[in-house]
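Right, one structure below, let's go through it.
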There are 2 protein chains.
Amino acid sequence: MKLYDCAMAPNPRRLRIFLAEKNIEIPKIEVNILEGENTQPAFLAVNPRGLLPTLKLDDGTCFDEVMAICRYLEALYPWQPMLGRTPLEQGLVESLQRKAEFEGMIAGSEVFRNQHPKFAERSIPGGGGQLIPAIPGLVERGRQTIGRFYDWLEAQLQRSRYLVGEQMTMADVTAFCAIGFHAWIDISIPAGNSATLAWYAALNARPSAAA
Amino acid sequence: MKLYDCAMAPNPRRLRIFLAEKNIEIPKIEVNILEGENTQPAFLAVNPRGLLPTLKLDDGTCFDEVMAICRYLEALYPWQPMLGRTPLEQGLVESLQRKAEFEGMIAGSEVFRNQHPKFAERSIPGGGGQLIPAIPGLVERGRQTIGRFYDWLEAQLQRSRYLVGEQMTMADVTAFCAIGFHAWIDISIPAGNSATLAWYAALNARPSAAA
């Protein structure tokens, strides 16, 4: 097994934290998204969508999407579960992970890509080498969505230590990485969001945060 | 358990097909998205995001997102698995389901909502009652993404009967419902995509297609 990774990018970071929390080691190959290495023929031969992270199995099977790779690895290595233990936890992790992903991570990506000159012709991930021009109106809409994300996160964390009860799961990891990514677009946790600030500091103090 | 549903909408349809394939019956409450009933106080009290489908458990727990509800129900009722049987199948179903969702279903929603007068102030789902103006540039970008979706789907189905091997899974259901939804924006399966046309006809002939 090997993992096509990008040290600076927020989605590969979600997977690295998952791996660190579960003590799984997979050899990594670095691909630079900012310089567009993922849209060049060498990487498109591995993954025609140009998405990172991508997992390649020993039999040659390749697939992408953080949550898909997590799902595979969680089934293979069930210890230290990050996707929920009971049926209800599994449902809630998926639901809240997606909420954090859509309104935190993807909204952050909308703001970042639609205003950054390096992404002027690849404004969404997954287009391979196809030109996808930026749409400036998405910057404001993304910022509005991120406002909802922080309100929601604070309300959730006022109720429980982690997003789904008392255990850290991928819902937390996605929200945590989204917040780290928001530094790129000059957005940070609102000063009054005390539960979010305490939760963020706790996650940031774990060894996995440096993965 | 009860399910807040919307008979005409494509995402609730994904869940109804899942339930039909697994022979699970859950009482349903109809909510009309086109008329905006999901952004009115009565439904926002159930789900502040205004998203459908939403599952309400007997203890009052509510959660949304089709794949989260499927995850919960698949864990409770493991027969006739729709999310993969082996670890690899589970990873591939998640990966290809997401591909079909992002490039088929969500791109369709971008085209539909950003050009339809009824959605002029709610151009993305999940905003609750917040005003989210349409961005006309997303219509063209969505159509471009849908072009990639049909190319990808045909290439996959030239290789295997269903998206993940020989069994129908949620990856197929999402792609199938995305195509049904594309009729609303005057897009259909390209005439030369013979594998996709045969696969679509087979899924459409199953009793679950009418769910």
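Every number in this text was worked out from the coordinates using simple rules, so none of it is lab data. Owing to the predicted nature of the structure, the values given are computational and were not obtained by experimental measurement. Cβ sites come from the backbone with ideal geometry, for glycine too, and all protein chains shown count toward neighbours.
Couple of notes before you dig in:
- Rough spin-label spacing in nm, given labels placed 7 Å along Cα→Cβ, for A:W184 and B:L44: 3.3 nm
- Based on Cα contacts under 8 Å between residues 6+ apart, region A:24-147 shows a relative contact order of 21 percent.
- Exam field: B:W184 pseudo-label spacings to other copies (7 Å along Cα-Cβ), nanometres: 3.1
- Of the chymotrypsin sites (Phe, Trp or Tyr not before Pro) in region A:35-83, those whose Cβ has at most 15 other Cβ within 10 Å and which sit in DSSP loop: A:W79
- Pairwise label distance in nanometres, A:R159 with B:A191, each label 7 Å out on the Cα-Cβ vector: 5.3 nm
- With a Förster radius of 22 Å applied to the beta-carbon distance between A:N23 and A:K2, the computed FRET efficiency rounds to 0.80.
- Cut-off 12 Å, label 7 Å out along Cα→Cβ of B:A211, residues of region B:25-41 by amide N: B:25-26
- For region B:2-54, GluC sites (Glu not before Pro) are listed when DSSP marks them as loop and at most 10 other Cβ atoms sit within 10 Å of their Cβ; the list is B:E25, B:E35.
- Calculated FRET value between A:D59 and B:E166, using beta carbons and R₀ = 22 Å, to 0.05: 0.80
- Solvent-free Debye calculation, one equal scatterer per alpha-carbon of region A:87-210: log10 I(q)/I(0) at 0.09, 0.17, 0.19 Å⁻¹ equals -0.27, -0.86, -1.01.
- Taking every C-alpha pair closer than 8 Å and separated by at least 6 residues, the mean separation divided by the residue count of region B:87-210 gives a relative contact order of 30 percent.
- On the beta carbon distance between B:A201 and A:Q115, with R0 = 51 Å, the FRET formula returns roughly 0.70.
- Links that overshoot a 28 Å alpha carbon limit, given the list A:K118/B:K118; A:K56/B:K22; B:K22/B:K118; A:K22/B:K28; A:K22/A:K99; A:K99/B:K22: A:K118/B:K118; A:K56/B:K22; B:K22/B:K118; A:K22/B:K28
- Charge dipole (debye, nearest 20) of region A:1-139; +1 at Cβ of Lys and Arg, -1 at Cβ of Asp and Glu: 120 debye
- Sorted from closest to farthest, the other copies place their A:R159 label points 4.1 nm away, with each point set 7 Å from Cα along Cα→Cβ.
- Percentage, to the nearest whole number, of Cα pairs in the protein assembly as shown over 42 Å apart: 6 percent
- Relative contact order for chain B, counting Cα pairs under 8 Å that sit 6 or more residues apart, in percent: 23 percent
- Positive-end residue of B:T61, B:M8, B:M105, charge dipole of chain B with Cβ unit charges: B:M105
- Estimated Rh, chain B: Kirkwood, alpha-carbon pairs, angstrom: 17.7 Å
- Note that region A:2-76 carries a Kirkwood radius of 12.4 Å, evaluated over its alpha carbons pair by pair.
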